[in-house]
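Trainee: This is the structure I have questions about; it appears just below.
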Amino acid sequence: MATAWDPQQYLRFTDHRTRPAQDLIARIPLQAPGQIIDLGCGPGLSTRALKARWPQAQVSGLDNDLAMLASARVSDPAGDYSPADAGVWRPGPEVDLLFSNAVLHWLDNHAALLPALLRALRPGAVLAVQVPGNHAAPSHTLLQETAASRSRWQAALAPVLRPDPVADPADYHRWLAPFASGLDVWESTYIQVLTGEDPVLEWVRSTLLRVVQAVLLTLPDGAAEAAAFEAAYAARLRGAYPRQADGSTLFPFRRVFMVAVRC
Ligand SMILES: C[S@@+](CC[C@H](N)C(=O)[O-])C[C@H]1O[C@@H](n2cnc3c(N)ncnc32)[C@H](O)[C@@H]1O
């Protein structure tokens, strides 16, 4: 699904968005990979984390959003960034590390997708993936609840409000184990401390809400519909993620990680 990303909005929470990429990198059992692919590189945060860890490697970023690729090239003019769709692209035998941080939850059927990516690697190469596992969190459920609060929103948004694409960690283990000589799967919930006005709304504005707003803007009087939806969703988020006495807002965020060595 095309999301029409906004790189500047995405980069507002750089530290929180880079941390899981670094935690994933820390568990990759490769000393000197020659060729690394950052699948769904976005504006290049994860690509730069990979380059910092393995400065000698050839790191290439792939993404299906041209605005994200343009943003990555601005901050890393010498970098190698190209368009590709993670749903169909597969690595060749030259790839030592296939890395994908916060991308594959935009694609369905992980039971087929994850093993297909691992199986395409040559023996000894590594697949390292992180996906948000927060479909049951208020940030998601309140979006569904807001959509359900008006029948025209519900009808318009039905195609983009997908069922949870992310499985349990144990499922990923079962799916990948037949093709792995080493496998490490885990989950972490980060208690993210955000600041400012409506920070959870601002967080999802570059991801989930962007998809929803794009649809609402196509309705008759779309700008008013989008504004009304945002106000109703923001009010719900304020209740679920109250501001702390010190002015900050806690936004727990669960993520699922996997590192597999191709056998
Ligand atoms: C949340 S950003 C993550 C960017 C980067 N990996 C990082 O860690 O900061 C998700 C990225 O996945 C990309 N993406 C979503 N679906 C994709 C697909 N089917 N093929 C390639 N990229 C995709 C989006 O364009 C976006 O840049």
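Any read-out appearing in this document is the output of simple, stated calculations on the displayed coordinates, not a laboratory observation. Bear in mind that the values here come from a model prediction, so they are computed numbers and not experimental data. Every residue, glycine as well, gets a Cβ built from its backbone with ideal geometry; the counts of neighbours run over all protein chains shown.
Trainee: Return the sequence-ordered ³J(HN,Hα) values of segment 254-263 in whole Hz as given by the Karplus equation 6.51 cos²θ - 1.76 cosθ + 1.60 applied to θ = phi - 60°, using x for Gly and Pro.
Mentor: 8, 9, 10, 10, 8, 10, 10, 9, 5, 8
Trainee: Could you give me the radius of gyration and the Dmax of segment 7-262, taking only the C-alpha atoms into account and expressing both in angstrom?
Mentor: 18.9, 56
Trainee: Starting with the fewest neighbours, write out Y81, Y190, Y233 ranked by other beta-carbon atoms found within 10 Å of each beta-carbon.
Mentor: Values: Y81 21, Y190 14, Y233 24.
Fewest to most other Cβ atoms nearby, the residues stand as Y190, Y81, Y233.
Trainee: A further question on this structure: Using helices alone, I'd like the mean residue ellipticity at 222 nm for the chain: each DSSP H run of four-plus residues gives -39500 (n - 2.57), total over residue count, nearest 500.
Mentor: Calculated mean residue ellipticity at 222 nm is -12000 deg cm²/dmol.
Trainee: Right, something else. How are the alpha carbon pair distances in segment 92-201 distributed across 10 Å bins from zero to the largest one, expressed in percent?
Mentor: 11, 35, 28, 18, 7, 0
Trainee: Using DSSP, restrict attention to beta bridges with both residues in the chain and report what percent are antiparallel, rounded to the nearest 5. Provide the component values of the computation, followed by the final result.
Mentor: Numbers: 22 of 39 bridges.
Approximately 55 percent, going by the DSSP bridge assignments.
Trainee: Per residue, how big is the convex hull around the C-alpha atoms of segment 113-263? Give it to me in cubic angstrom, could you?
Mentor: Considering the Cα atoms of segment 113-263, their hull volume per residue is 124 Å³.
Trainee: For segment 136-166 and segment 204-229, what is the centre-to-centre distance using only Cα atoms, to the nearest Å?
Mentor: 12 Å
Trainee: Pop out the Kirkwood hydrodynamic radius of segment 1-142 from its pairwise C-alpha distances, inverse of mean 1/r, in Å to one decimal.
Mentor: After inverting the pairwise mean of 1/r, the radius is 15.5 Å.
Trainee: Between the helical axis of 14-25 and the dominant principal axis of the chain, each derived from Cα atoms, what acute angle in degrees is found, rounded to the nearest 10?
Mentor: 30 degrees
Trainee: I would also like to ask the following. Taking H placed 1.01 Å from N in the peptide plane, check which residues at least 5 places from D80 or on another chain put their amide H under 5 Å from its amide H.
Mentor: It is G61, by chain and number.
Trainee: What are the extents of the Cα atoms of segment 62-118 along their three principal axes, listed from largest to smallest and rounded to whole Å?
Mentor: Sorted largest first, the three principal extents are 36, 26, 16 Å.
Trainee: Here's a follow-up. What is the gain in length, in nm to one decimal, between D15 and L217 on full extension, counting 0.36 nm per residue of separation less the C-alpha to C-alpha distance?
Mentor: Here the segment from D15 to L217 would lengthen by 69.6 nm.
Trainee: What FRET efficiency comes out for S75 versus S151 if R0 is 35 angstrom and r is the Cβ-Cβ distance? Round to the nearest 0.05.
Mentor: Working from the Cβ atoms, E equals 0.20.
Trainee: Can you sort W203, W54 so the residue with the fewest Cβ neighbours within 10 Å comes first? Working shown, then result.
Mentor: On the way: W203 25, W54 19.
So the ranking, lowest neighbour count to highest, is W54, W203.
Trainee: Along segment 140-153, what does the Karplus equation 6.51 cos²θ - 1.76 cosθ + 1.60 (θ = phi - 60°) give for ³J(HN,Hα), rounded to whole Hz, x for Gly and Pro?
Mentor: Those phi angles translate into 8, 5, 6, 5, 5, 5, 5, 4, 6, 6, 9, 4, 6, 5 Hz.
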